[in-house]
Amino acid sequence: MMRFKFLCGFILAAFICGCAGSKDFKKPQVDVPTAWRTDSQGTGAVDSAWWEQFNDSTLVALIQEGLTNNQDIRIATARIKEYYGRLGVVRSQAGPQVGATASSGRAQSPGAQVAPGGKATSDSFEVKLAASWELDLFGRVRSQTEAARAQLKGAQEVKTAAILSLVTAIANSYVELLALDQKLSIAQKTETSRQEALKFIKLRFDGGIGSQVDVDQAKTELAQAQISVIDLKNTISQQENSLCALLGRNPSAIVRSQGIDQLQIPQVPAGIPSDVLEQRPDIRQAVDNLMAAHALIKAAKAQYFPVISLTGSVGSRSNDLASLFSSGAGQWGVAEQLAQPIFTSGRTRSQVNEARAGEEEMVAQYQKAVQNAFKEVNDALIDYEGSSEKLGIQKESLDSLREYARLARARYDEGMTSYLEVLDAERSLYDGEISYVETKKNIFVSLVDLYKVLGGGWVEKAEDMIPKS
């Protein structure tokens, strides 16, 4: 009785000490800006299916195809199942463990006296059902389960991030493809124009007007236009291949239903800095990782305290198989075990220090993720605002460049200027048209990136598009 009271007192004291050393998890404080660095005021909802605002059925179909077939999504889904399994393994330690054994054997003792007609060997048969249960009084298994559950949530956020990245990558890749199409169209028109110019200059030269220099310059300009067409065609094919990889299909042509000029510009999403902390999957994953690291500290500290186990067994043993389950062959046993580490050469202390260092790392990772999120949102807003302003200026500049090219051609035809002026005007016009398409593309890309870096409920809408396996 005294031993039982002593054991209970020891367990109670250790339990109180263990609880006193545990601290609840608190999310670290971060410096949240009060506003973004631009004046752009969004009106779009971050939980809307923004890709439908492009008014392009092909884009919607491509996003559906990517969500269905993309390998990164499948990998992330399998990883979640893996973490579910890990959680089950860890959680199982908190419950009883039951197992059964059966054995048989034959033995002979050296020098044994054998009666006439007896056997020199003896048989043994045994069956046993055994159970054990570790009493998790100090929270070791509970903390490990808490860590595994946080890691599972982190894996789920990895999948969310994969969906977010995939949808935005498909949209940006498709917009890039449409921009390349328009650049190719400009290059092909330029090629045709320079072919006609070369014919005209040759006729002038054959008629005694102009010089061989004009002919050579025209040939050079035509060759450069032809090279641009070839380069753009190659780039388009490579862009299609990249988009196919996102879609989870082998390299093939991508059918386009319209050009970049027909795309509708999505609404600018609305959001304030504090929303980002709740909406972005990478930040939520950083919090989950931090919670797991905090739980692992508690699990490491629990190793300072005893492990208390209850075990029991029931079975039957006999030297004759026929009488294995007869009366008198039964056996049973119960036991309690308390294992208290006394001296581990600093192993437990080192494990606690390792876990604490892991938590410090996760705190820094969380703060880094938050700072990076604010940077990315500000960058996307600045890019959108700057591209929008630049597009208006470029539109006016293009009108002037087209008029300049028309006048330069007319002056050359009338013999009032050299062909160099025509070349300068046409080069400037070509560069201006290409730059205009690039800026138009950047407006779409900056808005897609803005939805990406803000996160939000739209990712759940995209996840609902994934076929359930």
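Before moving on, here are some points about what is shown:
- Beyond 30 Å in Cα-Cα separation lie the following of the pairs Lys233/Lys441; Lys26/Lys159; Lys183/Lys368; Lys368/Lys468; Lys26/Lys468: Lys183/Lys368; Lys368/Lys468; Lys26/Lys468.
- For q = 0.20, 0.21, 0.26 Å⁻¹, Debye-computed log10 I/I(0) when each Cα of segment 327-410 counts as one equal scatterer: -1.01, -1.04, -1.15
- Exposure proxy order (Cβ contacts within 10 Å, fewest to most) of Arg106, Arg204: Arg106, Arg204
- Look at Thr168, Thr34 and count the other Cβ atoms within 10 Å of each Cβ; fewest to most, that gives Thr34, Thr168.
- Under Stokes-Einstein, with the Kirkwood radius over Cα pairs as Rh, the value for the chain at 10 °C and 1.306 mPa s is 54 µm²/s.
- Sites Arg406 and Asn378, calculated FRET efficiency, Cβ-Cβ separation with R0 60 Å, nearest 0.05: 0.90
- Counting only Cβ charges, +1 for Lys and Arg and -1 for Asp and Glu, the dipole size of the chain around its Cα centre is about 2780 debye.
- Residues Tyr430, Tyr451 arranged by fewest to most Cβ contacts within 10 Å: Tyr430, Tyr451
- Summed over all non-identical Cα pairs, the Kirkwood treatment of segment 213-324 gives a radius of 23.9 Å.
Where a number appears in this text, it was derived from the coordinates with a stated rule and is not lab data. Not measured: the values here are computed from a predicted model. As a convention, Cβ positions derive from the backbone with ideal geometry for all residues, glycine included, and neighbour counts pool all protein chains shown.
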